[in-house]
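Every number in this text was worked out from the coordinates using simple rules, so none of it is lab data. The shown structure was predicted, so the numbers you read here are calculated from the model rather than taken from an experiment. Neighbour counts are summed over all protein chains in view; Cβ atoms, including those assigned to glycine, are modelled from backbone coordinates with ideal geometry.
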Amino acid sequence: VTVLFGTETGNAEMVADDIASALGEFDIEATVVGMEDFDVADLAASGTVVLVTSTYGEGELPATTQPFFDAMKAAEPDLTGLRFGAFGLGDSTYDTYNNAIDILVGAVTDAGATQVGATGRHDAASFQPADGPVAEWAKQFAEALSDRTRRGGHEMTAASIDRELVPWSDPEFRNNPYPWYRRLQQDHPVHKLEDGTYLVSRYADVSHFAKLPIMSVEPGWADAGPWAVASDTALGSDPPHHTVLRRQTNKWFTPKLVDGWVRTTRELVGDLLDGVEAGQVIEARRDLAVVPTHVTMARVLQLPED
Ligand SMILES: Cc1cc2nc3c(=O)[nH]c(=O)nc-3n(C[C@H](O)[C@H](O)[C@H](O)COP(=O)(O)O)c2cc1C
């Protein structure tokens, strides 16, 4: 591990030395290098680094972090192979407490690097030496690093890969699954889950497989759980029942009629947006998503719109 420090008056260098010693306790060999002595072109191939910086001015980067940061921004390196830990020094009497390490973490993350563990912080206003926070930070960093290394190696089981790609029960994933979906589409567009199911995530592939005549609904797939609602729909059944259901709805979904419904939805959204004044706040989910689709469906089914 390379511990890279940027500083104004030298505290960050001492903390970098402390971090290197603390990591030694976990059998992690660390070399301390000043950011001013480090060529950013070497960053992508550095494996794992620890970034250490203080904050100066009003939330700014200190003297030796700034040129490193500027050089990195200019070079726009692809850091997808880089893992990094982060530790900041600051003073909580400033509103911009530890701003610089957050700026640095943001920049390397944007360039594709993966943070290992949480960002550590030392607060000069605590009047405590840094060794306490450093020891605590080094412990969680070393643990997170060994977890990652294990997962990256042969000990990574099929089940743990699945959990990482689609962590269904993770509240963060449930709140916003799209970053995971994006990674799935990019790196694992056709992924075989541990139970043998193939997870297909690209639109063109889904569209292709959904229409293949050899595809059929797995027996019992909707017996339990949320899929049960789809069990008596065209989507959840095979021919001949599928064909019966499909024939009943087909007449509403000819390309010509679908064009009409698209126009209806577009008009509803357009009317709503035309009526919005500059600076006015709208409830986008309800007004733009729910209402136009609801009204369109009501018109498709010739039901009252209210
Ligand atoms: C002039 C000056 C400005 C500072 N500005 C900030 C700041 O905006 N935010 C912050 O968290 N700490 C700020 N600090 C606190 C330093 O980050 C802290 O003292 C740190 O230990 C200095 O580390 P260094 O010697 O490696 O630069 C400031 C300190 C000084 C003297």
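Just report the Cα centroid separation between the range 173-200 and the range 88-126, whole Å.
After rounding, the separation between the Cα centres reads 31 Å.
Once you wrap a convex hull around the alpha carbon atoms of the range 200-306, what is its projected area averaged over all directions, in nm²?
Hull-based average projected area comes out at 9.9 nm².
Using just the helices of the chain, give the 222 nm mean residue ellipticity in deg cm²/dmol: DSSP H runs with n ≥ 4 each add -39,500 (n - 2.57), and the total is spread over all residues, rounded to 500. Before the final figure, lay out each step's value.
Details: 11 runs with 131 residues, N = 306.
So the helix-based figure for the chain works out to -13500 deg cm²/dmol.
Average projected area of the Cα convex hull of the chain, in nm²?
23.4
What is the helix-to-structure angle for 99-110, meaning the angle in degrees between its Cα long axis and the longest Cα principal axis of the chain, kept from 0 to 90 and rounded to the nearest 10?
It works out to around 50 degrees.
Would you kindly derive the ³J(HN,Hα) couplings of the range 175-188 from the backbone phi angles with the Karplus curve 6.51 cos²θ - 1.76 cosθ + 1.60 (θ = phi - 60°), listing them in order in whole Hz, with x for Gly and Pro?
5, 8, x, 4, x, 6, 4, 4, 5, 4, 5, 6, 9, 9
Which angle from 0 to 90°, rounded to the nearest 10, does the C-alpha axis of helix 11-24 make with the longest principal axis of the chain?
70
Please work out whether the range 2-152 counts as rounded, prolate or oblate from its C-alpha gyration tensor, where a ≥ b ≥ c are the square roots of the eigenvalues and a/c under 1.5 means rounded, while otherwise a/b larger than b/c means prolate and anything else oblate? All intermediate terms of the calculation are to be shown ahead of the outcome.
Numbers: a/c = 1.63, a/b = 1.09, b/c = 1.50.
It is oblate, given that a/c is not under 1.5 and a/b is not larger than b/c.
Percentage of Cα-Cα pair distances in the range 162-215 greater than 18 Å, rounded to whole percent? Don't skip to the answer; put the middle values down first.
Working: 532 of 1431 pairs.
Cα-Cα pairs in the range 162-215 separated by more than 18 Å: 37 percent.
Tell me, what ³J(HN,Hα) does each residue in the range 261-268 have, in order and in whole Hz, if you take phi through Karplus 6.51 cos²θ - 1.76 cosθ + 1.60 with θ = phi - 60° and put x for Gly and Pro?
5, 4, 4, 4, 4, 5, 4, 4
If we count every other residue with Cβ under 15 angstrom of residue 180's Cβ, Lys/Arg +1 and Asp/Glu -1, where does the sum land?
Neighbour charge sum, excluding residue 180 itself: 0.
Contact order normalised by length for the chain, with contacts defined as Cα pairs under 8 Å and 6 or more residues apart; what percent is it?
Worked out over the chain, it gives 10 percent.
Apply 1/(1 + (r/R0)^6) to the Cβ-Cβ distance of residue 190 and residue 94, taking R0 = 51 Å, and write down the FRET efficiency to the nearest 0.05.
Rounded to the nearest 0.05, the efficiency is 0.50.
Kindly rank 253-265, 7-19, 102-114 from highest to lowest mean number of other beta carbons found within 10 Å of each residue.
Numbers: 253-265: 11.8, 7-19: 20.2, 102-114: 16.9.
Going from most to least packed, we get 7-19, 102-114, 253-265.
Over the range 255-300, how many percent of alpha carbon pairs lie in each 10 Å bin up to the one with the longest distance?
Result, from short to long distances: 27, 50, 19, 4 percent.
Compute the signed sum of charges (Lys and Arg +1, Asp and Glu -1) over the other residues within less than 13 Å, Cβ to Cβ, of residue 236.
-3
Could you compute the net charge surrounding residue 138? Neighbours are other residues with a C-beta less than 11 Å from the C-beta of residue 138; K and R count +1, D and E count -1. Spell out each step's value before the answer.
Working: positive: 139; negative: 18, 25, 131, 136, 143.
For residues surrounding residue 138, the net value is -4.
Subtracting the Cα-Cα distance from 0.36 nm times the residue separation, let me have the gained length for residue 294 to residue 109 in nm, one decimal.
Here the answer is 62.6 nm.
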